Each structure stands twice: as C-alpha cells, then as structure tokens.
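For reference, the structure is listed below as structure tokens.
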Amino acid sequence: MQWMPKIIAILIIIDGIVVMLRPDFLKKYCLMFSRGAGIYLAAAIKALVGIAILFGVSEQCRYEWILIAFGILALAGAAFVIAAPQKARAIAGFFAEKSTTTLRLLSVVYLLMGAILIYSS
C-alpha cells in the first residue's frame, strides 16, 4: 500500500496544475460543495484521502511523520466539516469569491504540498 500516498500526491499535483491553468474550476467546485449536502461529499472525500495516506505509510517511506501529519490533518478537516458544516460552507464561499490571481498563488502552495508528499513517500 506504499503506492497509495504517491498516487494521492500525483493527483494533488494534477489538481494544482488544473487550478493554476483554470482557477474558474475551483470557484465552480467551491460553490457546488458549499450548497446543500455537497459539503458532506467533500468531507467524505477528505476522510478517504486521509485514511488512504495513513494506510500507505510504511517503513520504506523517507519521512513517515510527514505522511502521518498529512493524513491526520485530512481526517481532522473531515471532522471539522461534519462538526461545523456552516463554517465549512463559509470557507468554501470565501475561496469562491477570491480573484483568479489569488487562486493561482494558492495553487502554487498546493503544488508544493504535493511535491512534499511525493518526496516523503
């Protein structure tokens, strides 16, 4: 299962590239997840990513603690969304209102997170 964190990291990098090229996609998905029960779908995806990262940690990883930290943060984020859905909707709305330049800058941070995950796994 050591391949699981690498696959997730590659998907994060692909997502970061897509957001960098087309920030309107992120705005659309933030609006979609902020309405109705979509926020719970986002929480489920976040929880699955956290579980997959945690199950993929092995002794062969370079920096196990980085993967464990990312997995725990993903699970904590999912718990936050379930515990406080209105605040999570407000955060999604916050990102939906940001300019495309700001979203592109945030995608660079997202790309760095993916690179850190690949390097540590």
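Scanning the range 76-86 for residues that are within 23 Å of V19 (Cα to Cα) and surrounded by fewer than 18 Cβ atoms within 10 Å (Cβ to Cβ) yields one hit, G77.
In the range 87-103, the residue that is surrounded by the fewest Cβ atoms within 10 Å (Cβ to Cβ) out of those that are touching a Phe, Trp or Tyr at 6+ places or on another chain (Cβ under 9 Å) and among the small types (G, A, S) is A96. Considering only residues that are at pLDDT below 85 and surrounded by 13 or more Cβ atoms within 10 Å (Cβ to Cβ), which ones fall in the range 33-57? Selection gives F33, S34, G38, G56, V57. Among the residues of the range 19-48, those that are farther than 28 Å from Q86 by Cβ and not basic (K, R) comprise M20, L21. Selection over the range 58-80 of residues that are modelled with pLDDT of 90 or more and more than 16 Å from I8 (Cβ to Cβ) gives a count of 3. In the set (1) small (G, A, S); (2) over 17 Å from L111 (Cα atoms); (3) out of contact with any Pro (no Cβ under 8 Å at 6 or more places or on another chain); (4) part of a helix (DSSP H, G or I), A9 fails one condition alone, (2).
Restrict the check to the range 14-22 and report whether at least one residue is touching a residue at least 12 places away in the same chain (Cβ under 8 Å), more than 14 Å from the chain's Cα centre (by Cα), surrounded by fewer than 15 Cβ atoms within 10 Å (Cβ to Cβ) and in a helix (DSSP H, G or I).
No, that holds for no residue.
The values are calculated or read from the model by the stated rules, or taken from the named source; none is laboratory data. In this text, all values refer to a predicted model and were calculated from it rather than measured experimentally. No Cβ is skipped: glycine too gets one built from the backbone with ideal geometry, and neighbour counts run over all protein chains shown.
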